[in-house]
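This report refers to the structure that appears directly beneath it.
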Amino acid sequence: MKRPFLLAAEFGVHEVVKAIIELFPDVICFLDTKNHNVLQLAVMNRRENVFKLIFQISHHKHLLLMFKDNFGNNILHLAGKLAPQKSLDHICGACSMSHKFLLIFLQEIKKIVKPAYRNYKTSEGKTPAMVFTEEHEKLVKEGEKWMKGAASSCTVVAALIATVVFAAAITVPGGNDDDG
C-alpha cells in the first residue's frame with residue numbers, strides 16, 4: 001500500500017488517500033525514499049485537498065508536521081520551494097502563481113507549525129524564508145516583466161480611447177452640410 005498511497009498524495013487523488021487511510025491507518029507513517037511523509041508530499045506538490053484531508057482525519061498531524069527530510073527540510077522549507085511546473089501550468093501569469101501560493105500554502109502552514117520551526121535551518125543553513133526568497137526570485141522577475149508588458153498595453157489602449165473620445169467631442173453633430 002505504500003507506493004499507491006504516496007503516489008495518490010503526490011498527484012492529489014484525495015479519494016484514494018482517504019480510502020487507504022480508512023482501511024490501513026498505519027499508512028500515515030509511510031515515507032518515500034527522501035523521507036517525505038504524506039503531508040510533506042501534499043505540500044511540495046501543492047495538493048491542497050490532500051493536505052486538508054490529512055490534517056482533518058489524522059491524529060498524528062503534529063508529528064507529521066515535525067518530520068524532516070534527508071536534507072533537514074521541515075514542512076515550511078518544502079512549502080517555500082517553488083512548486084513543480086506541473087502544479088503551476090494551469091495558473092496564468094507569474095504573479096498569479098506567486099499570489100496563490102502565498103495565500104494558500106505558506107500562510108496556512110505558518111499558522112499550524114510551531115514558532116520554533118519558522119527559523120529552523122536546513123543542513124545548508126537556510127531558514128524557510130531564505131528558501132522561499134531564493135526559489136521565487138526568477139518568478140518575481142517574470143512577474144515584473146509581465147506587469148510592465150500589461151501596463152504598456154493598457155497605456156496604448158488608453159491613448160487610443162482618448163483619441164476617439166476627443167475626436168467625437170469636437171465633431172459638430174450632423175456634419176458640415178446645411179441639413180445638420
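The values are calculated or read from the model by the stated rules, or taken from the named source; none is laboratory data. If you're wondering where the values come from, they're calculated on a predicted model, not measured in any experiment. Neighbour counts run over all protein chains shown; Cβ positions are idealised from the backbone, glycine included.
Within region 16-25, not a single residue is under 22 Å from the mean Cα position of the chain (by Cα) and within 21 Å of ILE112 (Cα to Cα).
Identification of helices (runs of 4 or more DSSP H) wholly contained in region 4-110 with 3 or more residues that are modelled with pLDDT of 75 or more, under 22 Å from PRO128 (Cα atoms) and outside the structural domain of THR127 (by TED's automatic domain parsing) yields 38-44, 48-57, 61-66. Of all residues in region 1-44, which are crowded, with 16+ Cβ neighbours inside 10 Å, out of contact with any Lys or Arg (no Cβ under 6 Å at 6 or more places or on another chain) and small (Gly, Ala, Ser)? Of everything in region 1-44, those that are crowded, with 16+ Cβ neighbours inside 10 Å, out of contact with any Lys or Arg (no Cβ under 6 Å at 6 or more places or on another chain) and small (Gly, Ala, Ser) turn out to be ALA8, ALA9, ALA42.
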